[in-house]
Each structure stands twice: as C-alpha cells, then as structure tokens.
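The values are calculated or read from the model by the stated rules, or taken from the named source; none is laboratory data. A quick note: this is a predicted structure, and the numbers were derived from the prediction, not measured. No Cβ is skipped: glycine too gets one built from the backbone with ideal geometry, and neighbour counts run over all protein chains shown.
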Amino acid sequence: MNKNKSFQHKIIYGGCMIVLLIAISLISRPATTAEDNPGGLLAQLRKEYHISDAELGKVDPASEAMRLSLVGLDGVAITLLWNQLNEYQKTEQYTLMEATARTISYLNPHLLKVWEFQSWNMSYNVSREFDNYKHRYLWVKRGIEYHMDGTEYNYNEPRMMNSIAHFFGNKFGIADEKVEYRELFPTDRLFHSKIQEHLDRSGFDVVQNASGVVEGNPDNWLVARLWDLWATDTLDNERGSIGAMSPTIFYQYPAKRLMNFGEAIEKEGHISEKAKAAWAKAYADWNEYGDHEMPSTYGISIKLNDADRLNKEIKVDQKEFDDKYGQYVDVIYQEKLAKLPAESKAAIETKEEERTDEQRSLAYEAQQSLRVSEFDVVKHMRANNIEGTLDASKLANQLDQAKFLRGVIDRQKDIVAFNYWKTRAESEMTDRNLEARKLVYDAHEAYKDANLVKARELYEKAWEKWTEIYDDYPALRDDSSADVLADSIKEYRSLLNQFDEDISPNFPLLDILQNNTDDFVPPTWNPDDEPSKEESPEKGPEKGTDESDKAPMKEETPKSAEKPAEEPMKAEAETKEPTATGPKATEPMKEQPPESEPTEPKAEEPQPMEEKPAAEKAETPAEEPAEQPAQPMEAEKPAEEKSDT
C-alpha cells in the first residue's frame, strides 16, 4: 500500500513538472522577425516596456559570454574587480585601471552609475595627477570616451546623455584649465570623430551643429547642448526615464548651454555678432522651455509661462469677488477679533517695537487667525442664508485652484531662476550690452598694456553703458555673474589708485563691487569734495598772505589795469624765495607769460624801498589793483641782488 502511494506521488510530481515546463516555454518563447510571432508573454512585456537587450542597447557577445560563464556570480566578480581597480589607481597603473573599469562595465552594462562614476574618476581624479595640461586633457578625453561608450549599451537613457553633457560643459568650460582646454578642443579632429560616432543615432552633426567662433571648429558648450537635445528628445518620445530627477531642471539645459557659450566667448574677447546670436537663440529657447508642458511633483502638468496668465486671471477674479462679497469681510474680521483671548488682543494693540518675545509670537498667531479667506466669506453667507452663496462658492474654488497652480509654478520657476535668465538673455542680445562688454574688455587689455589713460577713459565709458543697462533691468544687479563685472570695477579702482585717487562714493555701480567683494573697503575719496582748480577772482587774499601769492592766480588781466613793469618788480623784490617758486605761483606763470619782456633792474643801482608799517602793508592789496600781471623773471632774480638791496 505504501509502495503504491509513493509511486502515485511520483507520477503526480512528474506531471506537474511537465505542465510547468510547458507553461514556462510558452511564456518565455522568444519573438522572431515575423509579424505573426510576437513571442511569449515575457517577450511581449519586454517589448512593451523597452527592456529587452536589443532595445536597451547593443548586444555584445563577449559581455553575454562573461555573464553566462559566471552563472549568477557576476556581482561577486564585480566586487573583486572593483577592489583590483582601486589598487591599480593607488599604484598609479592608470592604463590597467581603465581596462579593469571596462571589464566591470561589460559584466553588467546596464548599471548606469558604474559608467558615470568611473568616467568621473578618470576625468577628475586621474587627470589631476599629471602636471602637464596636455596629459590632463588626454585623461579627461578618456573619461568622456568611456562614458560615451556606455550609450552603446544604453540607447534610451536620457540621464546618461545628460551626464555626458555635463562633462563636456563643466570639465572643458569651468575647470581650472578651461583656457587651455578650450584651445585644444576645437581643433581635436580625432576626438570630434569619436563624438560623431556616438551622435549618429541622434541625427546631429558635431561640426555643423556645434561650430563655435571659428566655423568648423566645435565648441564644448555647443557639443554639450547636442547631448542635452538628444536627452530631451528621448524623454519626450517616452523611450526613457529620468527617474527621480526634476523635469524642470532637466529641460532647462539646452537653453542654458547656449547662454554658457555666449558668456564664455565674450570673456575670451569674441564680443561679436556670434555672441549676440547665441544669446538671441538662447532667449528663444528659454521661452520655448517655458511653454513646454512638464510633470510636477504634485502630480499635475505645468507650463512655466502660465504664471503670467494665471496672475491676470487671479487679479480679475479677485476684483470680482471683492466687489460682490467684500462687504462681509469686515463683519467676519470683527467676529474673529471678538473671539481672541485677551493676551492676543493686548499683543496686537501693543506697538511692534515695544512687544516682548512672547507678545510677538502671540501677535503673529493672532494675525494669521484674523485673515479672512474667500471660503470664510462663503461659510458666513451660508450660515446666514445670504443669496448668491452658490456663485460665491464657485468663484472661491476657482480662485483657490488658480492660486494653488500659480504657487506650484512659482516654486518651480524659483528652482531654475526662470525670470532672471529670461531677463539676462533679453538684455544680452542687445547692441548696447554688446558695446558695454566690448568697452570693458578693451579697457582691461589697455590696462594690461600699461596704457592707464586709455584704460580709464574706456572704463568710464563702459560704466555709463552698464548704468543704463542696470537701470532698465534692475533684476540683473543681483546677477550671479555680476562678480565678473565686479572684478573689472576692482581693476578700475586699482587704476585710479595709481593716479592717487579712489573710486567715488557716488559711483553708480558701487553696490555691485560691495556685494561681490569679501574684503570691501569703502571709498575715501569724493570728487565733489575736491578743491576747484580755478579760484574765483572775486575772492580777496586771506589774512597773513602776501599779495604776491595771490596775484599769479589771476587768469585774466584787464588792459586798463596794467602798470609799468617797475612797480611790480619792486613788490616782488620783497617776496620770499620759497613763496615765489611755490606751486601756486609757478603754474599760472607758465600758462600766462608776460606780454612784454620786463626790464631787469641793474644790481649796481638798486632802488631802496621805503618800509611801511604793518597796517599799511595789509591795506596794500586794496589800494593797488589785484589784476597786475605776474612777472616770472622776478622770481628768478639772483639772491645777491636781494642782499644788495
């Protein structure tokens, strides 16, 4: 009996196994190229969700053979290889390190983070171990080539394409060696051909679609833009996913790369129509980005440019609600105020500067509770059976939805500084901005060439242009790139110091310098306080000052006031030597030479001068006309003549 039961159990188990094998074979049946054979259920699901090996990327026989030979131990093998890679990196065997990184990727080519991390490791960590910037450039290229190879195994991964774009933009355009890298990259034809091999499936041409300042020489920022365009196109066609990445951030990059390109070539001195066209295209792309419908974290689709439309709608609906039902707001406010505790009322009635910390907290909470919303008005109307409650409720709901949507859009706009970049692109594509940047660049070049006068003149012309720009676009004063202009203002201030001057406290761009300087020193020189170079002729001499000191400062000498040369010569004979040769006396003498050569008195026949009392000397300037011309020859009189006299 027991033997029969055991045999029956074996028969049942065998039958179940046969049924399961048949079911598994039907479910996992591979698809063929024939239209009438879509394959089993698993093949159909892989095709529907684009997760089959053929759709994910290239099927590499060597990679598949390695995975199958490990019989599920590929994770263990990756861990061991990763440790070996770290050892190669420590011992500076970078070629073996790169080969090990490729082996790890082949074991599981669909692990995106492996491609990204090892690419970053080669481009950033390994490259910095070399002193020569050409060797560094070589390893940056190797890292990017490794990352681009990952797209061959992952066709529809917009995150990987976006990561490659970051490498082209940030490593070549922002790194410390960006000047050298941006000189090497445009002429690196071999690297361009490798980039084109990977971009063939996108439909872009790296030479035609990414030409920089020189036609036919690709720019790294424009190459990064091509990868971003490919990534956004992949996502729009639902061939890939960006995971937890924000769509608002993801879709901004194509336009931002154009802005980066325009800014970069302007800093390099290529301030031309090429830069203006780049900013104009960036402005158009930014507006297109604002009109692009994107999902949000709140589960609703939004367009960033809808904020302006919503603001207008909210303004109209709010006015309609206030006009129809605004009379109930004060009634509701008084009801809420009457229900407040005595402490809260006292806190509100107390002046803000006299409140204690506890009263400030109570006042804030009370003010929040006293706010009257549209739904409070509807609730009041419903409780008092006021006619029009239904219409008020519809309008209140409409306002609430519009305000909620506007709040969502405003938060997304703040993440990418949407309004700022729109304003920046709008201002940069004008001729005035182009001219302002050109003046700053030329002034900087003149300063480097030690042509200080020309540099000062160009800088002052540039500040006039920039003042007009910031007056028209005040949002740009908080510009993230205003630190570049601040560097130019610092250079201008250094230039003025060489003229023994300082920047004026009334300088119109002083706030930009202050906001972008850690060790800002307030200016101490004000041109408004500088003494005038020309003294007013109406002012008389100060007390204790000889007439000889003031007479040379006169700019004009009326002909009617001229006197013979002998009289001023006598007055000059009593003047002290330092006074006659001082800067105030000599400068006007150079500007106004005497009309006629004065007759120099002979040393043998000095004319004694009668010494006058002090009171008479003080009145002398009033008795004699002050318009007497200064005689430069008297200041050069030999000392022995004075002693003889």
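Restricting attention to segment 5-33, and to residues there that are in a loop (DSSP other than H, G, I, E, B) and closer than 16 Å to LEU45 by Cβ, which single residue is farthest from the chain's Cα centre (by Cα)?
Among those residues, the one meeting the criterion is ARG29.
Evaluate the following for VAL126: is it aliphatic (A, V, I, L, M), in the same structural domain as ARG225 (by TED's automatic domain parsing) and touching a His at 6+ places or on another chain (Cβ under 7 Å)?
Here the answer is no, as VAL126 does not meet what is asked.
Looking at segment 71-117, which of its residues are outside any helix (DSSP H, G or I) and either farther than 17 Å from ASP149 by Cβ or in contact with a Pro (Cβ under 8 Å, 6 or more places away or on another chain) (or both)?
Hits for segment 71-117 are VAL71, GLY72, LEU73, THR91, GLU92, GLN93.
Among the numbered criteria (1) assigned to a helix (DSSP H, G or I); (2) crowded, with 17+ Cβ neighbours inside 10 Å, which one does GLU365 miss?
GLU365 satisfies all of (1) assigned to a helix (DSSP H, G or I); (2) crowded, with 17+ Cβ neighbours inside 10 Å except (2).
Does ALA277 meet the test of being touching a Gly at 6+ places or on another chain (Cβ under 6 Å), more than 15 Å from TRP421 (Cβ to Cβ) and surrounded by 13 or more Cβ atoms within 10 Å (Cβ to Cβ)?
When the stated conditions are applied, ALA277 does not pass them.
How many residues does segment 335-350 contain that are over 15 Å from GLN367 (Cβ atoms) and of a type in the set (S, T, N, Q)?
0
Would you mind finding the one in ILE469, ILE409 that is in a helix (DSSP H, G or I), in the same structural domain as VAL377 (by TED's automatic domain parsing) and β-branched (Val, Ile, Thr)?
ILE409
With (1) outside the structural domain of GLY262 (by TED's automatic domain parsing); (2) modelled with pLDDT of 95 or more as the list, and GLY326 as the residue in question, which single condition is left unmet?
(2)
Do you know which residues across segment 157-174 are surrounded by fewer than 20 Cβ atoms within 10 Å (Cβ to Cβ) and of a type in the set (A, V, I, L, M, F, W, C)?
Answer for segment 157-174, where residues must be surrounded by fewer than 20 Cβ atoms within 10 Å (Cβ to Cβ) and of a type in the set (A, V, I, L, M, F, W, C): just ILE174.
What about ASN260, is it within 30 Å of ALA244 (Cβ to Cβ) and either within 23 Å of the chain's Cα centre (by Cα) or not assigned by TED's automatic domain parsing to the domain that holds GLY169 (or both)?
It is true that ASN260 is within 30 Å of ALA244 (Cβ to Cβ) and either within 23 Å of the chain's Cα centre (by Cα) or not assigned by TED's automatic domain parsing to the domain that holds GLY169 (or both).
Check off (1) in contact with a strand residue (DSSP E or B) (Cβ under 9 Å, 6 or more places away or on another chain); (2) surrounded by 14 or more Cβ atoms within 10 Å (Cβ to Cβ) for ALA282 and give me the number that stays unchecked.
(1)
Going through GLY269, GLY243 one at a time, which residue ends up being touching a Phe, Trp or Tyr at 6+ places or on another chain (Cβ under 7 Å) and surrounded by fewer than 16 Cβ atoms within 10 Å (Cβ to Cβ)?
Criteria check complete, one pass: GLY269.
Write out, first by first residue and then by second, each pair whose Cβ atoms fall under 9 Å of each other, whose residues are 6+ apart or on separate chains, and whose first residue, in segment 352-377, is touching a residue at least 12 places away in the same chain (Cβ under 8 Å) while the second is among the polar types (S, T, N, Q) and part of a loop (DSSP other than H, G, I, E, B).
GLN359/THR350; ALA363/THR350
Checking the conditions here, which among ILE512, ILE503 is surrounded by 20 or more Cβ atoms within 10 Å (Cβ to Cβ), out of contact with any Gly (no Cβ under 7 Å at 6 or more places or on another chain) and free of Cβ contacts under 8 Å to residues at least 24 places away in the same chain?
None of the other options fit; the residue is ILE503.
Assuming LYS178 fulfils every condition listed in (1) surrounded by fewer than 23 Cβ atoms within 10 Å (Cβ to Cβ); (2) in contact with a Leu (Cβ under 8 Å, 6 or more places away or on another chain) apart from one, which condition is it?
For LYS178, the exception is condition (2).
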